[in-house]
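Below is one structure; the comments refer to it alone.
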Amino acid sequence: MTITLLWTDIMVWLLVAALAVWGWILSRSPQIRKQWHSIFKSGIAMASAIVLLFYLFFALLDSVHMRFTVETHPGGGETSKSIHYEGDMVSLLDLLFEHTLSHTERTYSAPFATHEYAKSIVVDKNNVSRQVYLPLKYVHVPKGESVAGDIVKKSLFALFAGLLVSLLLIAVHLALKGRGTFVSKLNVLRRGETALPWRTAYVTFTLLLMTFVWMYLLSYHYHVLGTDKVGGDVFYQSVKSIRTGVLIGILTTLVMLPVSITLGISAGFFGGRIDDVIQYIYTTLNSIPGVLLIAGAVLVTQVMMDNHPQWFETTLERSDLRLLFLILILGITSWTGLCRLLRAETLKISRVEFVTAARAFGVSKWKIIFRHIMPNLMHIILISVVLDFSALVLAEAVLSYVGVGVDPTMYSWGNMINQARLEMAREPMVWWSLFSAFIFMFILVLAANLFSDRVQTVLDPRNAE
């Protein structure tokens, strides 16, 4: 086995490392610590942050890829040994859901069903054709047990296991946090007298973990969210799609920020021809319909990839490169709004007294930018980043729905919705693929929006009391 990092894997892990370093640097500032402390004083913001971290955990789990080695003996002897790699890459998330990958049914089945969703024609021993609901290959109810009774019994065990794991992790966190005895900290938590709403955080974490453990343990015995046209497990597809949505939201921001900050501050601070050129660039970009620009760039990328198949050893590498290009294209086309906002704010700040005084004392322009302009723009940058995250997640779903998003072989909520478009027209209607993609995406976008509202309330100077 060897670890194989895709381009997006490298980008996301570098981003996590950069955020960790940036967080450590910012934590040394008492003022910034106080601001973030104010953000997390809200129970809604704390619960939303727990949900976002839960999604991020699965995205990181699916961003560690590996390939297993296969030893062959070309000459038939033990000494003539060569090592080859299996054709497909797998991630840690794939290993976690290996049982669902091997339990592929023949076609559609509803959530918790024991038989296929549509009737099939079979010929009995008397050569009589009949239409029957065929039983699923990998769903077996114990003899003498009803389906409802078996589900209830397994659900109780799974919920208890999830609660036990959650209480254990909460106890460890509570023991390591702060000073004092465990009992005293538990009493303070029970009364809700903590500086931050940890009780809300623990309840949210417990509910999320119990729900996931319940669905995961039952996925060994049932298809908890049903199966698709080719018998693939929809629960696995929904969890697998988390990586695509989170990476589109985070990495596109990483591409967009340097361009927006550099051009926005340069236009507002230097003015003159530099300002005219930058305004001309983003005005021209804004005049082109965004969807058409993205569609054209994606189609050009697709043609280039089709003409160079030797670049890719596996299908996953091909789909990952298309995801990387989509991230770059979205970043290139979405920087103009923040750039215009930063330009206007820089024009205002550059005429404030302390900036005028710095210029009078001969302070260099770059020092003025980094010491006076940038710190006063950070609240706008942070608010825009958090607000744009949910918009980018929804953009991926829309683009994949119209066929210019991620590769059709890649798991994403947009691809699931696109495939469900035809399934909704079937009779009987197949609804669970669309429902699953909607619920997973709805929770992520709702958490991001609630968290961004709190960030905007705290960091925006106009809301200061």
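The values are calculated or read from the model by the stated rules, or taken from the named source; none is laboratory data. Small disclaimer: the values here were computed from a predicted structure and weren't measured. Positions of Cβ are generated from backbone atoms using ideal geometry, with glycine treated the same way; all protein chains shown enter the neighbour counts. Just so you know, the surface numbers come from the protein's heavy atoms only, side chains and all, with ligands and any DNA or RNA stripped out. Shrake-Rupley method; radii C 1.70, N 1.55, O 1.52, S 1.80 Å.
Each pair of Cα atoms in the range 260-354 enters the Kirkwood radius, and Stokes-Einstein at 37 °C and 0.692 mPa s then converts it into a translational diffusion coefficient of 213 µm²/s. Near H223, the amide H atoms lying under 5 Å from its own belong to F112, A113; only residues 5 or more places off or on other chains count, and H is placed 1.01 Å from N. Each eigenvalue of the Cα gyration tensor of the range 296-398, multiplied by 5 and square-rooted, gives one semi-axis; in descending order these are 42, 16, 11 Å. Relative contact order of the chain, taken over Cα pairs closer than 8 Å and 6 or more residues apart, is 20 percent. Could you compute the longest span of the chain free of chymotrypsin sites (Phe, Trp or Tyr not before Pro) located in DSSP loops and having at most 13 other Cβ atoms within 10 Å, not counting the site residues? Longest run free of exposed loop sites: 69-219.
Extent along the principal axes, Cα only, for the range 98-205: 78, 27, 22 Å, with the longest axis given first.
For the range 348-402, the mean projected area of the C-alpha convex hull, equal to one quarter of the hull surface, is 5.1 nm². In terms of its alpha-carbon gyration tensor, the range 227-293 comes out oblate; a/c meets the 1.5 threshold, while b/c is at least as large as a/b. Computed 3J(HN,Hα) for the range 140-157, one whole-Hz value per residue from the Karplus formula 6.51 cos²θ - 1.76 cosθ + 1.60 where θ = phi - 60°, is 10, 8, x, 4, x, 10, 6, 5, 4, x, 5, 5, 4, 5, 5, 5, 4, 5, glycine and proline marked x. Near L6, the amide H atoms lying under 5 Å from its own belong to H65; only residues 5 or more places off or on other chains count, and H is placed 1.01 Å from N.
Look at the dipole of the chain built from charges on Cβ: of M378, H308, Y108, the Cα furthest out on the positive end belongs to M378.
If you bin all the Cα-Cα distances of the chain at 10 Å, starting from zero, the percentages per bin are 4, 15, 24, 24, 18, 10, 4, 1, 0, 0, 0. Beyond 31 Å in Cα-Cα separation lie the following of the pairs K153/K229; K153/K185; K34/K240; K143/K240; K41/K153: K153/K185; K34/K240; K143/K240; K41/K153.
Once R0 is set to 30 Å, what does the formula 1/(1 + (r/R0)^6) return for the Cβ-Cβ distance between A17 and L189, expressed as a FRET efficiency to the nearest 0.05? Result of the calculation: an efficiency of 0.40. At a probe radius of 1.4 angstrom, the accessible area of the chain per residue rounds to 54 square angstrom. Shown in residue order for the range 442-451 are the 3J(HN,Hα) couplings computed by the Karplus curve 6.51 cos²θ - 1.76 cosθ + 1.60 at θ = phi - 60°: 4, 5, 5, 5, 5, 4, 5, 5, 5, 5 Hz (x for Gly and Pro). Every pair of different Cα atoms in the range 187-231 enters the Kirkwood calculation, which places the hydrodynamic radius at 13.1 Å.
The apolar share of the surface of the chain, taken as the fraction of accessible area on carbon and sulfur atoms (1.4 Å probe, ligands and nucleic acids excluded), comes to 66 percent. Of the trypsin sites (Lys or Arg not before Pro) found in the range 310-405, those in coil by DSSP whose Cβ has at most 16 other Cβ atoms within 10 Å are R351.
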